Amino acid sequence: MRKGILFIVSGFAGAGKGTVTKQIVKEDEHLKLSISATTRDMRNGEAEGVDYFYVTKDEFQRKIKNGELLEYAKYGDNYYGTPRDYVKKMLDEGNDVLLEIEVLGAAKIKASLPKTVRIFVTPPTAEELKNRLVGRGRDSAEDITRRLNRAVDEAEDIDDYDYLLVNDTVEQCVKDLHSIVEAERMKVKRQVSFISAIKTQLQELNKEE
Ligand code: 5GP
């Protein structure tokens, strides 16, 4: 059986990554969204096990110690980490897995799993990014400034990514993300077992003739 492909989606806070990743997994049953653990508080409209697994700082430390996290990073005052078992199980079962994580965690994963495909999502302009952060009414003015400052640093890492997605409308962005997922699935290097099977079939066929 083909082993799954690991996709990472990163992007500035306010780029719309969450909406896009949640939508694409609804449309593609072989693509599974990993749910991270975080020490941050649950926001309005979020739910345990849907957006994150919300844990205390002690629980998070314990997870690190037990090797339960594939990677983790500090963002603002909080920790975020990817559960190792879930990702491994899904990939082993032949599903593709999507992680929505920030740039440092993405770099760590790429270093240990080089076949990982990294996709960066950005709004069309910086002004639009600011408008979206203000418009969603979720963050304080200080938070928005902090997130915009962080975006300057994150932009420096875009060059390391495999794909850049401009999120103008959610619908188009989901479609574009789907094109990337489909193209990666069709790469020759990802279809080793199919290629070997067709070679065997051809040899058998020729023996029979
Ligand atoms: P938020 O608090 O807005 O949900 O997320 C803050 C940042 O943490 C986002 O850039 C998000 O992609 C990132 N993030 C979420 N989960 C993980 C994770 O498991 N690992 C890492 N490294 N970053 C994460």
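The values are calculated or read from the model by the stated rules, or taken from the named source; none is laboratory data. Since we're looking at a predicted model, the values are computed, not measured. Quick reminder, even Gly has a Cβ in these numbers, built from the backbone with ideal geometry, and neighbours come from all protein chains shown. SASA here: full protein model, heavy atoms, side chains in, ligands and nucleic acids out. Shrake-Rupley method; radii C 1.70, N 1.55, O 1.52, S 1.80 Å.
Structure notes:
- Scan the stretch 78-113 for residues that are within 15 Å of Ile35 (Cα to Cα) and among the β-branched types (Val, Ile, Thr) and the total you get is 4.
- Some residue of the stretch 46-65 being in contact with a Leu (Cβ under 6 Å, 6 or more places away or on another chain) and within 30 Å of Val188 (Cβ to Cβ): no
- Looking across the stretch 1-41, the residues that are in a loop (DSSP other than H, G, I, E, B) and of a type in the set (Lys, Arg) come down to Arg2, Lys3, Arg40.
- First in the stretch 32-43 and more than 9 Å from the ligand (Cβ to nearest atom) and basic (Lys, Arg), second anywhere and at pLDDT 95 or above and outside any loop (DSSP other than H, G, I, E, B), Cβ under 8 Å, 6 or more apart: Lys32/Val25; Lys32/Met90; Lys32/Asp96; Lys32/Val97; Lys32/Leu98
Table: residues versus (1) in contact with a Ser or Thr (Cβ under 7 Å, 6 or more places away or on another chain); (2) open to solvent by 20 Å² or more (accessible area, probe 1.4 Å); (3) free of Cβ contacts under 8 Å to residues at least 60 places away in the same chain.
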{"residue": "Glu93", "(1), (2), (3)": "no, yes, no"}
{"residue": "Val103", "(1), (2), (3)": "yes, no, no"}
{"residue": "Ser140", "(1), (2), (3)": "no, yes, yes"}
{"residue": "Arg146", "(1), (2), (3)": "no, yes, no"}
{"residue": "Val152", "(1), (2), (3)": "no, yes, yes"}
{"residue": "Ile158", "(1), (2), (3)": "no, yes, yes"}
{"residue": "Tyr163", "(1), (2), (3)": "no, yes, yes"}
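- Test: residue in the stretch 9-23 that is within 20 Å of Gly105 (Cβ to Cβ), of a type in the set (Gly, Ala, Ser) and modelled with pLDDT of 95 or more: yes
- Condition met for Gly81 (in contact (Cβ under 8 Å) with a residue 40 or more places away in the chain and either hydroxyl-bearing (Ser, Thr, Tyr) or in a strand (DSSP E or B) (or both)): yes
- Residue match in the stretch 55-77 (condition: surrounded by fewer than 21 Cβ atoms within 10 Å (Cβ to Cβ), within 11 Å of the ligand (Cβ to nearest atom), part of a loop (DSSP other than H, G, I, E, B) and not hydroxyl-bearing (Ser, Thr, Tyr)): yes
- Out of Gly49, Gly4, Gly81, Gly11, sole residue that is more than 9 Å from the ligand (Cβ to nearest atom), buried (at least 16 other Cβ atoms within 10 Å of the Cβ) and either within 19 Å of the chain's Cα centre (by Cα) or β-branched (Val, Ile, Thr) (or both): Gly4
- Taking the criterion of being farther than 18 Å from Gly14 by Cβ and small (Gly, Ala, Ser), the residues of the stretch 74-105 that qualify are Gly81, Gly94, Gly105.
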